[in-house]
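What follows is a single structure, written as structure tokens, with notes after it.
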Amino acid sequence: MSELSVTHLTADYLQNPMGIVAPPQFAWQLRSDAQNVCQTACRLWLYGDAAMSDPLWDSGMLPRTDSAHYRPAALPLESARRYWWRVWVQAGGMECVSQPGTFVTGLLEGFAGEMITSESPSDAARSHVTAVSRTLHIDGEVEAAYLYCTALGLYHIFIDSKRAGDAELAPGWTSYHKHLCYQTIELTDLLTAGEHNFSAWLGVGWYKGRMGFLHASNNYGDRTAFLGQIEIRYRDGRRQRVVTDTQFAGSDTPILFADIYDGETCDARLGLHHERPVSVVPWDTRVLTAQAGGVCRVAERLPVRAVLLTQRGETVLDFGQNHSGVVEMRMRGKAGDTAELQCFEVLDAQGNVYTANLRSARQTIRYTMGRGGEETYRALFTFQGYRYVHIKAWPGEVRAEDFTALVIHSDMEKTGAFECSDPLLNRLWLNILWGLKSNFVDIPTDCPQRDERMGWTGDAQVFSATACLLMNTYPFFDKWLTDLVCDQTAEGGVPHVVPDTLTGAEKADDNWLVREGTHSAAAWADAAVIIPWNLYLAYGDTDILRKQYDSMAAWVRFMKNHAEGGMWTYRLQLGDWVALDAAEGSYFGATPLAVTCTAYYAYSARLMANIAALLGRHADAAEFAALSSEAKDAFIRHFFTPEGEMTAQTQTAHVLALHFDLVPDAWREQTLAGLRRLVAQHGGHLVTGFVGTPYIAHALSDNGALADAYSLLMKRDFPSWLYQVEMGATTVWEHWDGIKPDGTMWSAGMNSFNHYAYGAIGEWLVKNIGGLRTDERAPGYRHSILTPQVGGGLTFADVREQTVYGELAVRWTLEGARLTVRATVPCNTTATLCRPQNARGAQTVALGSGTHTVVYEYSA
């Protein structure tokens with residue numbers, strides 16, 4: 001007899017989240033050993049206690065076929081309370097009740113406390129760590145206790161010197177004066193009857209510290225501050241509330257210096273010292289939002305792979321993997337002994353420490369022992385991008401087992417998996433994944449190591465489709481897109497970086513980018529439209545489109561207002577950034593800026609027409625469709641000769657024309673031939689930059705040149721993805737030739753070895769090698785189109801995606817002339833398996849849920 005179970009309960013895409021302030025969006029997954037299982041009805045219950053004896057709310061029987069995206073209009077929620085919920089499902093003639101999921105509510109009525117600081121204006125230039133503290137009086141048995149808190153800067157919470165919660169780098173980096181997140185920390189197990197010391201340590205972080213390549217400090221304010229509210233529920237029913245106010249005491253901490261770029265200095269001999277008065281920082285609490293998901297945490301712990309001694313006599317730890325995080329170290333010595341560690345990414349050609357590409361970022365940790373004996377320390381108010389650590393000072397023998405790398409990134413569930421018969425491609429997949437983990441540190445940064453680490457919109461845009469295939473990025477992007485809206489100009493322009501520290505910045509005349517224009521570059525600003533659309537395709541959720549609609553529409557209309565005859569441009573354009581076909585000394589690539597601007601204008605306007613139609617905004621849909629058509633006509637008119645040749649003879653120009661459907665049908669084969677010719681001119685290699693690279697393999701394979709796409713992917717010499725792998729990369733580089741074949745470096749001024757943009761090829765690996773594609777008419781993989789494609793000498797591939805409905809997977813194996821495709825389709829979904837190229841058999845096979853095997857005859 002077949003069985004049915006209900007698993008993976010989520011609220012707002014999160015399992016058991018904390019900080020819910022409105023009825024969440026519920027989802028669940030069905031599991032069954034039967035095939036073709038589809039939900040026909042469901043029922044949800046909400047409870048106020050773990051016994052779940054008497055529901056607070058009952059949805060009643062719902063004739064609902066979707067097991068995701070269910071958001072009740074209202075729920076009887078109270079602040080600071082844990083709720084349990086479960087769901088009954090009817091599917092495939094079976095029924096089942098799930099195990100419970102939980103969530104904890106945030107502050108539904110807002111904060112009652114004040115933002116307090118122990119700093120004064122005289123501390124504006126200091127990057128020390130201060131603390132605000134008070135005594136908590138607990139006079140009974142605590143049933144539940146939650147802390148709701150945020151900071152101007154970064155915070156860590158201690159109860160009786162024991163750290164509370166596991167958030168890192170909280171409350172993160174936002175457009176502080178318009179949007180500030182607060183987090184929820186459970187204190188129940190830390191508060192017993194009696195007195196406890198509560199302390200919040202505060203660092204400068206992104207709020208006050210040195211940020212951006214302008215190296216400006218105090219970008220948002222010149223004093224760190226803390227806002228907190230503790231809600232305690234006793235077992236006898238009493239409630240207690242503790243809020244931040246001027247009754248707190250201020251002090252300095254042992255951390256004498258902490259900065260995002262430069263590291264941390266701690267003298268443990270000091271303890272809390274130098275009492276400071278506490279004052280109130282006026283703050284508009286209306287900008288506060290609860291952050292239930294995407295908080296940074298320690299995600300992994302990496303051991304030392306090797307202890308090296310370089311030619312110059314430097315002692316170096318090799319963790320074997322480039323990543324973002326901090327080093328935890330165990331020291332043995334006496335009080336006053338000091339350790340000094342500097343983190344860096346790569347060794348130079350001679351195998352020595354190489355830090356030039358960090359620019360002015362010092363990435364250095366200094367720790368002085370307090371008691372002596374054995375002490376363990378890790379930095380709290382910074383993070384580094386590194387694989388290697390230079391031990392510049394250490395008491396005693398350097399032992400590998402005394403060091404651990406703590407990998408820190410936004411908390412996201414891993415959803416994608418890729419494996420094939422080529423080990424270099426498998427390593428490339430891991431490099432792409434580690435690029436995401438290293439750079440999704442509260443915001444989507446460009447790199448985690450040098451004095452930049454900003455939220456470049458273009459990088460996030462080109463990588464967003466791949467990101468959604470690697471991990472559950474919905475809460476992460478949802479939060480970041482809120483800041484994009486906050487920092488959007490009144491006219492609808494979108495900054496190059498979000499949060500925007502460039503517009504209106506000091507020293508503007510000292511930097512060419514700030515001087516020429518800080519917002520509204522094609523491909524960068526189009527993140528406003530493309531990322532919400534990619535989220536919709538990946539998760540099938542129209543909420544993100546509704547939330548971002550005004551922002552998306554404003555951006556397209558910004559382009560319209562600066563367009564003439566369908567062509568547009570605006571101040572500084574970044575073009576096909578760092579393409580190899582650029583003129584000597586240029587970053588901009590050879591593709592004319594008008595090509596990239598007009599192509600993205602047509603594409604974003606077309607997406608907006610689709611989005612407006614989906615949301616029932618038919619007048620807007622007609623407006624945006626007309627704009628897209630006008631831009632496409634202008635593109636054809638300006639960038640094709642009457643004979644159908646492109647006027648811009650670059651790979652990227654041809655890629656954009658093909659991938660964004662800007663080619664008349666009669667000229668498509670000719671345009672494809674032009675792209676193939678341009679690739680052949682470079683020995684079968686790409687020379688594209690940030691704009692062309694994400695789409696070049698798609699432009700080839702989607703237009704009948706699958707073998708060319710595979711050939712491009714499988715190249716192992718420079719420039720190629722696998723060249724980096726062959727050179728020992730464990731993440732994706734900023735430049736194709738970050739390290740040259742002779743071991744020398746590209747210019748130190750801009751040479752990150754952990755830049756995810758070129759990792760956008762991950763989307764092609766999933767959608768073409770694995771063939772996992774979502775149907776735009778039933779997004780979120782409610783209906784999947786499976787199009788696995790054999791090539792590149794591969795003999796098998798296994799690609800999996802944890803969709804909102806469950807695992808979707810394709811595994812194919814090629815044995816001689818026999819191609820076997822095994823597809824797994826989640827319950828409550830369907831799929832269409834399309835015959836691979838060069839295979840013989842049924843053109844399409846309709847699949848319901850379950851595992852299916854189809855065998856084809858294959859000839860290359």
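The values are calculated or read from the model by the stated rules, or taken from the named source; none is laboratory data. Here the structure is a predicted model, which means the values were calculated and not measured. Methodologically, a virtual Cβ is constructed for each residue, glycine included, from the backbone with ideal geometry; neighbour enumeration extends over all protein chains shown. To get the accessible areas, we keep the full protein, side chains included, count just its heavy atoms, and leave off ligands, DNA and RNA. Shrake-Rupley method; radii C 1.70, N 1.55, O 1.52, S 1.80 Å.
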Restricting the stretch 569-599 to residues that are of a type outside the set (A, V, I, L, M, F, W, C) and open to solvent by less than 20 Å² (accessible area, probe 1.4 Å), the residue that is farthest from ALA757 (Cα to Cα): THR598
Out of all the residues in the stretch 104-114, is one or more buried (at least 16 other Cβ atoms within 10 Å of the Cβ) and farther than 30 Å from THR246 by Cβ? no
For the stretch 282-291: of the residues being surrounded by 15 or more Cβ atoms within 10 Å (Cβ to Cβ) and out of contact with any helix residue (DSSP H, G or I) (no Cβ under 7 Å at 6 or more places or on another chain), which is farthest from TYR176 (Cα to Cα)? ALA290
All-but-one check, GLU763 against (1) surrounded by fewer than 24 Cβ atoms within 10 Å (Cβ to Cβ); (2) within 13 Å of TRP429 (Cβ to Cβ); (3) of a type in the set (Asp, Glu), failing number (1)
Given the condition open to solvent by 10 Å² or more (accessible area, probe 1.4 Å), closer than 22 Å to TYR536 by Cα, in a loop (DSSP other than H, G, I, E, B) and among the aliphatic types (A, V, I, L, M), answer yes or no: does some residue in the stretch 409-427 qualify? yes
State whether the residues of the stretch 56-66 include one that is at pLDDT 95 or above, assigned to a loop (DSSP other than H, G, I, E, B) and in contact with a Gly (Cβ under 9 Å, 6 or more places away or on another chain). yes
Hey, could you check the stretch 534-546 for residues that are touching a Leu at 6+ places or on another chain (Cβ under 8 Å) and open to solvent by 10 Å² or more (accessible area, probe 1.4 Å) and say which is farthest from ILE785 (Cα to Cα)? ARG546
Filter the stretch 107-129 for residues that are of a type in the set (Gly, Ala, Ser) and in contact (Cβ under 8 Å) with a residue 40 or more places away in the chain and give the result. GLY110, ALA112, GLY113, SER118, SER120, ALA124, ALA125, SER127
What are the residues in the stretch 62-84 that are within 29 Å of ALA112 (Cα to Cα) and among the aromatic types (Phe, Trp, Tyr), if any? TYR83, TRP84
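The rows are residues; the columns are (1) under 29 Å from THR289 (Cβ atoms); (2) surrounded by fewer than 19 Cβ atoms within 10 Å (Cβ to Cβ).
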site	(1), (2)
GLY237	no, yes
ARG241	yes, yes
THR244	yes, no
PHE248	yes, no
ASP259	yes, no
In this structure, is GLY793 small (Gly, Ala, Ser) and open to solvent by 40 Å² or more (accessible area, probe 1.4 Å)? yes
Any hit, the stretch 611-624, residues being in contact with an Asp or Glu (Cβ under 7 Å, 6 or more places away or on another chain), farther than 17 Å from ALA521 by Cβ and either modelled with pLDDT of 95 or more or crowded, with 24+ Cβ neighbours inside 10 Å (or both): yes
Residue count for the stretch 627-683, restricted to those that are closer than 15 Å to ALA705 by Cα and among the hydrophobic types (A, V, I, L, M, F, W, C): 8
Could you check ALA299 against (1) farther than 30 Å from ALA80 by Cα; (2) surrounded by 17 or more Cβ atoms within 10 Å (Cβ to Cβ) and say which number it fails? (1)
Can you name every residue in the stretch 1-33 that is small (Gly, Ala, Ser), under 17 Å from GLY106 (Cβ atoms), out of contact with any Phe, Trp or Tyr (no Cβ under 7 Å at 6 or more places or on another chain) and part of a strand (DSSP E or B)? GLY19
Of all residues being out of contact with any strand residue (DSSP E or B) (no Cβ under 7 Å at 6 or more places or on another chain) and among the polar types (S, T, N, Q) in the stretch 743-760, which is least open to solvent (accessible area, probe 1.4 Å)? Just the residue, please. SER752
Of (1) under 21 Å from GLU314 (Cβ atoms); (2) crowded, with 17+ Cβ neighbours inside 10 Å, GLU340 satisfies all except one. Which? (2)
If we scan the stretch 822-835, do we find a residue that is closer than 15 Å to ALA797 by Cβ, without any contact (Cβ under 8 Å) to a residue 60 or more places away in the chain and β-branched (Val, Ile, Thr)? yes
Go through the stretch 35-64 and count every residue that is without any contact (Cβ under 8 Å) to a residue 24 or more places away in the chain and either more than 27 Å from GLU143 (Cβ to Cβ) or charged (D, E, K, R) (or both). 7
For the stretch 495-511, does any single residue satisfy the condition of being open to solvent by 10 Å² or more (accessible area, probe 1.4 Å) and within 30 Å of ALA68 (Cα to Cα)? no
